[in-house]
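To start, the structure under review is shown below, and the notes come after it.
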Amino acid sequence: MRGCPDTDAAVAIGAALGWDVANGLHHLQTCTVCRARMDLLQRTRSALAATAAVDDATLARISAALHAEADRERARQQAGALWVSTLEAVLAGVAAPVVLITSGMPIPGAAALLLTSGLGAALLLAGRRLRLHAA
Amino acid sequence: MCRARPADTGIAARRDDPRERPLSDDAFDLDRFHAGDEALFTRLVRDCSPRLRPYLHRYTRTEADMQDLLQDVWLRAYRKRRTFVGRGSLFGWLLTIVRTVGMAAAGQHERDAVTEELRDTASAVDPDAGLLRDALRAAVVALPDRQRDVVLLRLVDGLSTAETARLLQCAEGTVKATLHQATRKLQELLKEAVS
């Protein structure tokens, strides 16, 4: 036996037994159902709390693999963001002349339309890239 | 961070020691976890791998296989990190990943044999003890998620009923009932395993 449980443990036991300590402890020691349950809980806890050493080389290898996975994830996110910004630029390039046409203003020449679209798309794309780099 | 509590020598004193707090403690930064913080994951790998290793025995035959499987478990945990929403035991969540990855590695058939190389140290003294511990671990992993979390949080992490209820966001009565159901389920699973 280890020795006397400390006061904190004694309070926990007493509270758990509803402060009917003598009868409660006697029951736990004599009831076959309760003893089997306590035995199961103790063995379960022992099994779950067991540990087995893992060498430093394995831990380092795992950490390196996670680092590589994190790098791949970041690369995928940046590629995805670039696709989104490109799509937005194309839409902006299309939206600009549509707005001009539907506004009732005199329809500009084809060259002016192309210039407007291209300028709108380029500005949006440049702005996105600057934000990405800043981030 | 993922360390099971040692024998009870004063619950209050241990809770003040950050090294002894279970991973389910409120101090665990879920945002950092979801963000894939590498420092956090390095610490998790270091602290949790010794506890995960005994669960890998049933899926592997050699030490090299065990190391590969452990790495696969952590890679999957990293990729699926956002599926852990903080309401439960992180170690219990890791065990579900162990089961998924282990079953895939072992094919459709679970491997019951434990090789000499990986034999539980307890079985060096009592051969049946190692098999019983393996059976108990398998039984806990097979429990429904809520029951498994309650067993881990109450029995291993040492959380009180109130603390467990707060973490799982349920009533204390639910925790008690769930623990009772889990214990009965473990007895049934263990009887099946032994027979």
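The values are calculated or read from the model by the stated rules, or taken from the named source; none is laboratory data. In this text the structure is predicted, and so the values were computed from the model without any measurement. Please note: Cβ atoms are built from the backbone with ideal geometry, for glycine as well, and neighbour counts cover all protein chains shown. Remember, those area values only see protein heavy atoms, side chains included, never the ligands or the DNA or RNA. Shrake-Rupley method; radii C 1.70, N 1.55, O 1.52, S 1.80 Å.
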Give me the pairs: first residue in segment B:44-60 and at the interface with another protein chain (Cβ under 7 Å from one of its Cβ atoms), second residue open to solvent by 20 Å² or more (accessible area, probe 1.4 Å) and part of a helix (DSSP H, G or I), beta-carbon distance under 7 Å, and six or more apart or on different chains, which are they?
-> B:VAL45/A:LEU59; B:VAL45/A:SER63; B:ARG46/A:LEU59; B:SER49/A:LEU59
Report yes if some residue within segment A:37-44 is loosely packed, with under 15 Cβ neighbours inside 10 Å and of a type outside the set (D, E, K, R); otherwise report no.
-> yes
Check whether at least one residue in segment B:74-90 is outside any helix (DSSP H, G or I) and among the hydroxyl-bearing types (Ser, Thr, Tyr), and report yes or no.
-> yes
Is at least one residue of segment A:11-21 under 42 Å from the mean Cα position of the chain (by Cα), away from chain B (no Cβ under 11 Å) and in a loop (DSSP other than H, G, I, E, B)?
-> yes
Taking segment A:30-41 as the search range and keeping residues that are touching a Leu at 6+ places or on another chain (Cβ under 9 Å) and more than 7 Å from chain B (Cβ to nearest Cβ), which one is nearest to B:SER49 (Cα to Cα)?
-> A:MET38
Counting only helices (runs of 4 or more DSSP H) wholly inside segment B:104-195, the ones holding at least 3 residues that are at pLDDT 85 or above, surrounded by 20 or more Cβ atoms within 10 Å (Cβ to Cβ) and more than 13 Å from chain A (Cβ to nearest Cβ) are B:161-168
Would you confirm whether any residue within segment A:79-95 is open to solvent by 90 Å² or more (accessible area, probe 1.4 Å) and either closer than 24 Å to B:LEU189 by Cβ or at the interface with chain B (Cβ under 9 Å from one of its Cβ atoms) (or both)?
-> no
Residue under evaluation B:ARG15, criteria (1) under 30 Å from A:GLY3 (Cα atoms); (2) modelled with pLDDT under 90; (3) within 11 Å of chain A (Cβ to nearest Cβ), criterion not met = (3)
Identify, please: which residue in segment B:153-182 is free of Cβ contacts under 8 Å to residues at least 12 places away in the same chain and not aliphatic (A, V, I, L, M) and is, among those, nearest to B:ALA139 (Cα to Cα)?
-> B:HIS180
